[in-house]
Amino acid sequence: MEGVVLQSTGSWYIVKTEDGNVLNCRLPGRFKIGEKKDTNPIAVGDKVIITQDEATTDFVIDEILDRKNYIIRQSPRQKHLRHIIASNIDQAFIVATISQPRTSLGFIDRFLVIAEMYHIPATIIINKVDLLKQKEMDKLEELIKVYTEIGYRVIPSSTQTFKGIDRIKESMQNKTNLIMGHSGVGKSSLLNVLNPSLQLKTASISNKWEKGTHTTTFATMYELGINTYVIDTPGIKELFVIEMEPEELSGYFPEMRKVSDLCQFNNCSHENEQQCGVKEAFSKGKISESRYMSYFNILDNIRSQDYWKRM
Ligand SMILES: Nc1nc2c(ncn2[C@@H]2O[C@H](COP(=O)(O)OP(=O)(O)OP(=O)(O)O)[C@@H](O)[C@H]2O)c(=O)[nH]1
Ligand SMILES: [Mg+2]
Ligand SMILES: [Zn+2]
């Protein structure tokens, strides 16, 4: 039987089969030794073949079908390992907030670079806009301007006033969607508004602080409608760009990619080189300051990873 993994807790895997049954499956030990650099051999979104063990009657995952794509992050606890967040996704959303909690532009940019790296279309949701005061509204306008100019879709939203909900719903239609962001930005709350029958657990951020935990603990795929799926994920504190060469980076900034033909060298780092399309575009105001800074921050970070790799 073929199925799709809805949730993986490490010991059990919840799989939805093609005929609509939801089964608890085990994973034979041989998979766990597979790719040594991954913390999880099977991720949400994986298409698998399952069989029923005749002796124990347990359902067992027999085979993982090729992944169309996947999105990975550095494992938070074991930095040399990678954690597959999800696979076979059509679109990724970052849920960010201007306050309560604040999401930095650097975090948004790291997310966008990772999505570009895996060729996954990305959308930015700015949630909790009902809380914004005038000064923060100006920030929101600026953010919308910066990112829409580059070509990203930005959707301001609120689970309180329902602003943006129809746009989010429409953009998720007929796709498998991944939702990521810091803890407390309202990822699960948004899904509850998109489909009230989900009844996902949510908690106020002061509650999260007290407990020091995330409310959502396992990445899980839910059905939002016919042929429409969404993967809710636990909040993440930090995202790092990994497994990228420094000279590739600007190719994942669409506004830099556009002008890098004008650089004299094709491996231009856009730092001190004389004839540089990116520096020129920046000086003309065609690349925003925050994006330009994010580029150099990520560049520094991947260079230092490279340094450690060579040690
Ligand atoms: N004012 C306001 N509060 C919101 C909005 N969306 C969510 N919240 C609140 O924010 C808090 C956190 O929401 P959750 O949905 O649990 O956040 P999460 O992103 O799923 O968090 P983790 O599961 O820990 O990653 C809850 O108290 C929600 O009621 C919004 O649009 N406006
Ligand atoms: Mg949640
Ligand atoms: Zn350059």
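Comparison of F240, F218, F162 shows that the only residue that is outside the structural domain of G277 (by TED's automatic domain parsing) and over 16 Å from the mean Cα position of the chain (by Cα) is F162.
Quick grid of which residues meet (1) modelled with pLDDT of 95 or more; (2) open to solvent by less than 40 Å² (accessible area, probe 1.4 Å); (3) closer than 19 Å to G29 by Cα:
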position	(1), (2), (3)
D46	yes, yes, yes
Q52	no, no, yes
T57	no, no, yes
Q78	no, no, no
H83	no, no, yes
Q91	yes, yes, no
I98	yes, yes, no
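Cβ-Cβ contacts under 9 Å between residues 6 or more apart (or on different chains), taken from a first residue in region 129-147 that is more than 17 Å from L112 (Cβ to Cβ) to a second residue that is modelled with pLDDT under 95, are listed as L131/S99; L131/Q100; L132/S99; K133/S99; E136/S99. Taking (1) open to solvent by less than 80 Å² (accessible area, probe 1.4 Å); (2) within 22 Å of S171 (Cβ to Cβ) in turn, N227 satisfies each apart from (1). When we screen K237, K175, K169 for residues that are within 16 Å of ligand 1 (Cβ to nearest atom) and surrounded by 15 or more Cβ atoms within 10 Å (Cβ to Cβ), the only hit is K169.
Among the residues making up region 223-240, a single one is more than 11 Å from ligand 2 (Cβ to nearest atom), assigned to a loop (DSSP other than H, G, I, E, B) and of a type in the set (S, T, N, Q): N227. Where helices (runs of 4 or more DSSP H) sit wholly within region 125-221, those with at least 1 residues that are among the hydroxyl-bearing types (S, T, Y) and in contact with a strand residue (DSSP E or B) (Cβ under 7 Å, 6 or more places away or on another chain) occupy 134-150, 165-172, 187-194. Residues of region 271-287 that are within 11 Å of ligand 3 (Cβ to nearest atom) and basic (K, R): K279 alone. If I ask for residues that are closer than 21 Å to D232 by Cβ and either open to solvent by 50 Å² or more (accessible area, probe 1.4 Å) or at pLDDT below 95 (or both), which ones from region 1-12 would you list? S8, T9, G10, S11, W12 - these are the residues of region 1-12 that are closer than 21 Å to D232 by Cβ and either open to solvent by 50 Å² or more (accessible area, probe 1.4 Å) or at pLDDT below 95 (or both). When E247 is tested against (1) away from ligand 1 (no atom under 16 Å from the Cβ); (2) on the phi < 0 side of the Ramachandran plot; (3) in a loop (DSSP other than H, G, I, E, B); (4) among the charged types (D, E, K, R), exactly one condition is not met: (3).
The values are calculated or read from the model by the stated rules, or taken from the named source; none is laboratory data. Values in this document were obtained by computation on a predicted structure and should not be read as measured data. Heads up, the Cβs are rebuilt from the backbone with ideal geometry, glycines too, and the neighbour counts pull from every protein chain shown. SASA here: full protein model, heavy atoms, side chains in, ligands and nucleic acids out. Shrake-Rupley method; radii C 1.70, N 1.55, O 1.52, S 1.80 Å.
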